[in-house]
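Notes follow the structure.
The values are calculated or read from the model by the stated rules, or taken from the named source; none is laboratory data. Every value quoted in this text rests on a predicted model; they were computed, and no experiment measured them. Backbone-built Cβ (ideal geometry, glycine too); neighbour counts: all protein chains shown. Heads up: the accessible areas ignore ligands, DNA and RNA and are worked out on the full protein's heavy atoms, side chains in. Shrake-Rupley method; radii C 1.70, N 1.55, O 1.52, S 1.80 Å.
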Amino acid sequence: MTSPDQAARPRVVIVGAGFGGLDAARRLARQPVQVTVVDQRNYHLFQPLLYQVATAALSPADIAWPIRSILSRQANATVQLGRVTGIDRAGHAVLIDGERRLPFDYLVLATGARHAYFGHDEWAETAPGLKQIVDATELRKRLLLAFERAETATDQAELARLLTFVVVGGGPTGVELAGAVAELARFALMRDFRRIDPGQARVILIEAGPRILTAFPPALSAKAQTALEHLGVEVRLDQAVTLCDGEGVVAAGQRIESRTVIWAAGVMASPAAGWLQAQADRAGRVKVEPDLSLPGQKEIFVLGDTASVLAPDGQPVPGIAPAAKQMGDYVGQVIAARVAGRPAPPPFRYRHQGNLATIGRKAAVVDFGWLRLSGFPAWLLWAGAHVYFLIGWRNRLI
């Protein structure tokens, strides 16, 4: 139950229990505020390892943790399960499931991103993306069923379609997925079938730009491409997908027959800009003030993939976990300062800690600016960084 003292405290509502939302809640742990975390799922998800669930390397439980358990020791925090359907800015309330109103004194929107199909949302059914546990388990089912159906296929054209896997998008997610699917076919399933040779499966990575991993220096992009090709992945550059259906894709005017297409080509922000009736960029991210507050309404904050924020070099802050965590921690500091009547901290400044991407289980590329690595040493660094960000010692050990 909420005590009279707690009820009198400023109400901080945090929508979204991703990296940013949880860091904001934790920063307020010892502050005289009442924190309510709202999410449409009751677990926090470590998205960077979703592709390993999709390719059967990990189980969903290894990368998901109950939100209530994470915040169980934080006395001023409660959790509500529900889907946010709107924000009453004037009335200072969050609308949940179209029925409930959750009042706030401070609001933090950390609602993440969704798949972007660049005006072709109808492609989502045949080319699923990878953002949630259900996406990963559905993709795992499609991948494994493709091999099962290939085992009993009698038509050679259909056999070829079943054993062709297309990944659209050459960013970190696409590269990691392509490498993991190639390893699944060439190693994990190698001895499991009698009529087909899983090692003969084609894995095709399609990128519309001139190189993969554009956030990395060109030399590391080239090394990543070489590592993918060593695994047997066909990398196709400067090829935009113009059609996607149940039988494959069309890229650069060429039809690629495939029963399994995976979308990793882009993301859009959550509908938060629409809820707030706020100005947004082309990707739907809300344009915010230097302190991550909504222009004209200093008690509402937007962070993570939902916010349009510029780094010190003038480039957009990347939609990665460290950036969201930094924003969440910063917003927690701003709210704590206001509640205590202290001067606010200086404007948010993103500290880039580097880029990492893995290619299978033995190679990766790492760019820390001052240190650039590829191959197995980079993979060890990648693994260490991901283990560090996992929640719970059991999951870290696994």
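Expressed as a whole number of Å, what is the distance separating the alpha-carbon centroids of the range 92-160 and the range 190-228? After rounding, the separation between the Cα centres reads 22 Å. Amide H contacts for VAL267 (H built 1.01 Å from N in the peptide plane; partners 5 or more residues away or on another chain; cut-off under 5 Å): ALA116.
The calculated 222 nm mean residue ellipticity attributable to helices in the chain amounts to -8500 deg cm²/dmol, summing -39500 (n - 2.57) over DSSP H runs of n ≥ 4 and dividing by all residues. Here the Gaussian network model covers the chain, with springs between Cα atoms less than 10 Å apart; of PRO218, PRO290, PRO343, PRO343 fluctuates the most.
Taking amide hydrogens as placed 1.01 Å from N in the peptide plane, the amide H of ILE359 sits under 5 Å from those of ALA364, VAL365, each at least 5 positions away in sequence or on another chain.
Mind checking the dipole of the range 157-201: about its Cα centre, +1 per Lys or Arg Cβ, -1 per Asp or Glu Cβ, Debye to the nearest 20? Each step should come with its number before you reach the end.
On the way: 5 positive and 5 negative charges, 37 e Å.
Roughly 180 debye for the range 157-201.
Give the carbon-plus-sulfur fraction of the accessible surface of the chain in %, rounded to a whole number; probe 1.4 Å, heavy atoms of protein chains only. It is 53 percent, rounded to a whole number.
Taking all protein chains together, SER270, SER59 sort by accessible area into SER59, SER270, largest first [probe 1.4 Å].
Net charge within 12 Å of ILE133 by Cβ-Cβ distance, Lys/Arg positive one each and Asp/Glu negative one each, not counting ILE133 itself?
Numbers: positive: ARG41, LYS131, ARG140; negative: ASP62, ASP135, GLU138.
Around ILE133, the charge tally is 0.
Of all DSSP bridge pairs formed entirely within the chain, close to 50 percent run antiparallel. Counting charges near VAL94 (Lys, Arg +1; Asp, Glu -1) among other residues having Cβ under 13 Å from its Cβ returns a value of -1. Compared with the alpha-carbon gap, the fully stretched path from ARG30 to ALA383 is longer by 123.9 nm at 0.36 nm per residue.
Looking at the chain, which longest stretch skips every one of the chymotrypsin sites (Phe, Trp or Tyr not before Pro) that is in a DSSP loop with at most 15 other Cβ atoms within 10 Å, leaving the sites themselves out?
Working: sites that count: PHE118, PHE193, PHE368, TRP370.
Formally, the longest exposed-site-free interval is 194-367.
Using a simple spin-label model with pseudo-atoms 7 Å out from Cα toward Cβ, GLN277 and ARG142 lie 3.8 nm apart. Recomputing Rg and Dmax of the Cα atoms in Å from the coordinates shown identifies the correct label among (1) 27.8, 93; (2) 21.2, 61; (3) 22.3, 74 as (3).
Given the peptides 34-40, 153-159, arrange them by the average over their residues of other C-beta atoms within 10 Å, most packed first.
Working: 34-40: 22.4, 153-159: 11.7.
Most protected by this proxy first, the peptides run 34-40, 153-159.
The gain in end-to-end length when the SER72 to GLU122 segment is fully stretched comes to 13.9 nm, 0.36 nm per residue minus the alpha carbon separation. Comparing GLN47, GLN277, GLN326 in a Gaussian network model of the chain (Cα springs below 10 Å), the most mobile by mean-square fluctuation is GLN277.
Ranked by the mean number of other Cβ atoms within 10 Å of their residues, highest first, the peptides 125-131, 85-91 come out as 125-131, 85-91.
Determine, from the Cβ-Cβ distance of ALA8 and ASP97 and an R0 of 35 Å, the FRET efficiency 1/(1 + (r/R0)^6), rounded to the nearest 0.05. Can you show the working numbers first?
Details: r = 27 Å, r/R0 = 0.78.
So, using R0 = 35 Å, E works out to roughly 0.80.
If the chain linking GLN315 and ASP329 were pulled fully straight, counting 0.36 nm for each residue of separation and taking away their Cα-Cα distance, it would gain 2.9 nm.
Accessible surface area normalised per residue over the chain is 47 Å², counting heavy atoms of protein chains with a 1.4 Å rolling probe.
Note on the chain: lysine pairs with Cα distance below 30 Å, sequence gap of 8 or more or different chains, count 12.
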